[in-house]
Amino acid sequence: MSARPPHAGAKRVPPPAPAAGDDTARLYSIGELASELEVTTRAIRFYEAKGLIAPVRRGVQRSYSRRDRARLKLIMRGKNLGFSLEEVAQYLKLYDADPSQVAQTQMLLARIERAIDDLQTKRADIDRTLKELKEIRGQCTEHLNARDGSSRPACKG
């Protein structure tokens, strides 16, 4: 005679499986994120020390949530666009505090406008410098091609 568990006649229904591609509860190791985002584990620990991400810790092992992964992507994107770490931190704070994302979007737009202005100024400076360098190159080439032995300077500039 075997012991029957309570409700032995009732069919046990397992919890629903996550939908295909649903990784809401998935945790990532520091190595996985470092590899995926092409950063060092040291950089990820740095962002953690700055309070930008907050992985779950099990002893010395860190486990990163989808939220941490998304925040790291935002950090890397901001860094690649030239945003300071302080600006990225402000953006992330607004992201958490403002569900409508209006303040966050306004801040981002203002920063983008400044970045565009800065890059356009740099482009103008580069264009001006290139023009001058090409002129000097032309003068130097002309001088070398002439080889007339005159005492004029090789390159004017």
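The values are calculated or read from the model by the stated rules, or taken from the named source; none is laboratory data. This structure is a prediction, so every number in the text was calculated from the model and none was measured. Backbone-built Cβ (ideal geometry, glycine too); neighbour counts: all protein chains shown.
Against the condition modelled with pLDDT of 90 or more and within 17 Å of A43 (Cβ to Cβ), how does R114 come out, does it pass?
no
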For this session: Six or more apart or on different chains, Cβ under 7 Å: which pairs go from a residue in region 62-83 that's touching a residue at least 40 places away in the same chain (Cβ under 8 Å) and on the phi < 0 side of the Ramachandran plot to one that's among the β-branched types (V, I, T) and surrounded by fewer than 19 Cβ atoms within 10 Å (Cβ to Cβ)? Could you list them?
Result: R66/T24
Exercise. Within region 70-86, can you find the residues that are buried (at least 16 other Cβ atoms within 10 Å of the Cβ) and over 18 Å from A49 (Cβ atoms)?
Worked result: F83
Exercise. Of all residues in region 53-92, how many are assigned to a strand (DSSP E or B) and at pLDDT 90 or above?
Worked result: 3
Exercise. Any residue in region 89-106 that is more than 26 Å from A25 (Cβ to Cβ) and charged (D, E, K, R)?
Worked result: no
Problem set entry | Residues (closer than 20 Å to D96 by Cα, surrounded by 14 or more Cβ atoms within 10 Å (Cβ to Cβ) and of a type outside the set (A, V, I, L, M, F, W, C)) located in region 31-62 | Y47, E48, P55
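Any residue at all in region 119-128 that's among the aliphatic types (A, V, I, L, M), touching a residue at least 12 places away in the same chain (Cβ under 8 Å), at negative phi and surrounded by 11 or more Cβ atoms within 10 Å (Cβ to Cβ)?
no
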Exercise. Hey, among the residues in region 84-111 that are among the β-branched types (V, I, T) and free of Cβ contacts under 8 Å to residues at least 12 places away in the same chain, which one's nearest to F46 (Cα to Cα)?
Worked result: T105
Exercise. Residue check, V88 against (1) in the same structural domain as K50 (by TED's automatic domain parsing); (2) among the hydrophobic types (A, V, I, L, M, F, W, C); (3) under 19 Å from I116 (Cα atoms), all met but one. Which one?
Worked result: (1)
